[in-house]
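Nothing in this text is a laboratory measurement; each read-out follows from the coordinates by a stated rule. As the structure is a prediction and not an experimental result, all values here were calculated from the model. Virtual Cβ from ideal backbone geometry, glycine too; neighbours counted across all protein chains shown.
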Amino acid sequence: MGICDGRVVIITGAGRGLGRAHALEFAAEGALVVVNDLGVERDGSGSAASGPAHEVVEEITGMGGQAIANGADVADWSQVEGLVQQTLEAFGRIDTLVCNAGFLRDRMLVNMSEAEWDAVQRVHLKGHFVPSRLVMAHWRDLHKAGTPAAGRIVNTSSGAGLMGSIGQGNYAAAKAGIAALTIQQGAEWGRYNTRVNAIAPDARTRMTEGVFDDMAAPGEGSFDVKDPANASPLVVWLGSDACDVTGRMFEIVGGKVNVCDGWQHGHPVDIGRKFKAVEVGAAVHESIDKTQAPAPVFGA
C-alpha cells in the first residue's frame, strides 16, 4: 500500500529526467501511471516518437506496476482530448495530473527570434493550461453529477520563473506564467475539490546541461543532491489525496524543501494626493529601501 495506491496519474514529459523520476515514484506508491512524452530533443526538435515513454512503461511494469504510454503534444487541444479519453478508457478515472513537459531554446533577449519565443511559451505555458483545463472539465462534470473526485494538479515552474535567469528570457517568462497560473487555478478550482500546487526543482536533467556549472555527480556513496528523483516524493505527496494545501509554490533541491511566495505588497508611500512627477523618485526609493530586496536574477 502506497500513498497513491489506486490513483490514476497522468504525467506529461515523463520519458526522461524529472518526469521519468516522477512516474517511477508514483508507480512505487501504488499509482496507475499514464506516461506522456513526445520523445523530442532538448530543444524540442526531432520526430515525435514516443520511444522514451514506452521505455518508462516497461520499467514500471517490470517492477509490478501498471502504466500506459501516450505521445500527445501537450499544447494541442485535440491531442490532449485524446490523452484524457485514452486514460479514461484504460483506467476508468483520472485522479492526478502532473504537468512537466518542456524544452529550452536559450538565447539573450536581444538576439531571440520570434519562433524561439513562441515555441517555448507554447510548450511550457500553453502546455500547462491545455491538459489542466481539459482534465478539470472532467472533474467539474463529476462534481456536478454528485461524485466529486479528489483532483490534484502539480505544475512545474523553475527558479528561472521565480527569480529570472540571464539568457533564458523566454523560459523565465513562461515559468513565471506557470507560477501565476497555479495561484489562479488554486483560487478558481477549489470549489470542485481540486488542489493545485507547483514545484520549482533544482535538479540535473537534459535541460540544465550547459546552463549551470554544478551538474557533476558526487563521488560514489555520497548523496546526489542534483538527482531529479529527489523532487519526486514532493510531487507524489502533492498529487495524493493527503495533500491539503493549494495555490502554493515549493522549491526543492536534494532533501531540502521550502515554500516560495511570489509578489507581495511592499512598503507604501502615501502623500494623500496626486503625485507631482518630481516627487515620484523619492517615494519610489523610500518604498524600495523599506521593503525586502528581491532575490537576484540567476546569472546576473
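Highest-first packing order for the peptide set 77-90, 176-189 is 176-189, 77-90, based on the mean count of other beta carbon atoms within 10 Å. If you count Lys pairs in the chain whose Cα atoms are under 22 Å apart, skipping same-chain pairs closer than 8 places in sequence, the total is 6. With the simple spin-label model, which puts each label point 7 Å out from Cα in the Cβ direction, the Gln184 to Asp241 separation comes to 3.0 nm.
Multiplying the residue separation of Ala137 and Arg191 by 0.36 nm and removing their Cα-Cα distance gives an extension gain of 18.2 nm. Kirkwood hydrodynamic radius of region 83-169, from the reciprocal of the average inverse Cα-Cα distance over all distinct pairs: 15.1 Å. Packing, as the average of other Cβ atoms within 10 Å across residues, places the peptides 20-33, 115-128, 92-105, 287-300 in the order 20-33, 92-105, 115-128, 287-300, highest first. Listed values for region 249-263 are Karplus-derived 3J(HN,Hα) couplings in whole Hz (6.51 cos²θ - 1.76 cosθ + 1.60, θ = phi - 60°), namely 10, 10, 8, 9, 8, x, x, 10, 10, 8, 6, 10, 8, x, 4, and x replaces Gly and Pro. Among 252-262, 133-143, the peptide with the highest mean count of other Cβ atoms within 10 Å heads the list, and the full ranking is 133-143, 252-262. Computed from the C-beta positions of Ala115 and Ala283 and an R0 of 25 Å, the FRET efficiency is 0.05 to the nearest 0.05. Each of Asn193, Gly82, Asn111 was placed along the dipole of the chain (beta-carbon charges, centred on the mean Cα), and the one lying farthest toward the positive end is Asn193. With springs only between Cα atoms under 10 Å, which of Ile271, Ile153, Ile68 fluctuates most in a Gaussian network model of the chain? Judging by the Gaussian network model, the answer is Ile271. Computed over the alpha-carbon atoms, region 1-154 gives an Rg to Rh ratio of 1.00, Rh here being the Kirkwood radius from the mean inverse distance.
For Val98, the amide hydrogen comes within under 5 Å of the amide hydrogens of Ile10, Ile11, Thr12, Val154, counting only partners 5 or more places away or on other chains and with H modelled in the peptide plane.
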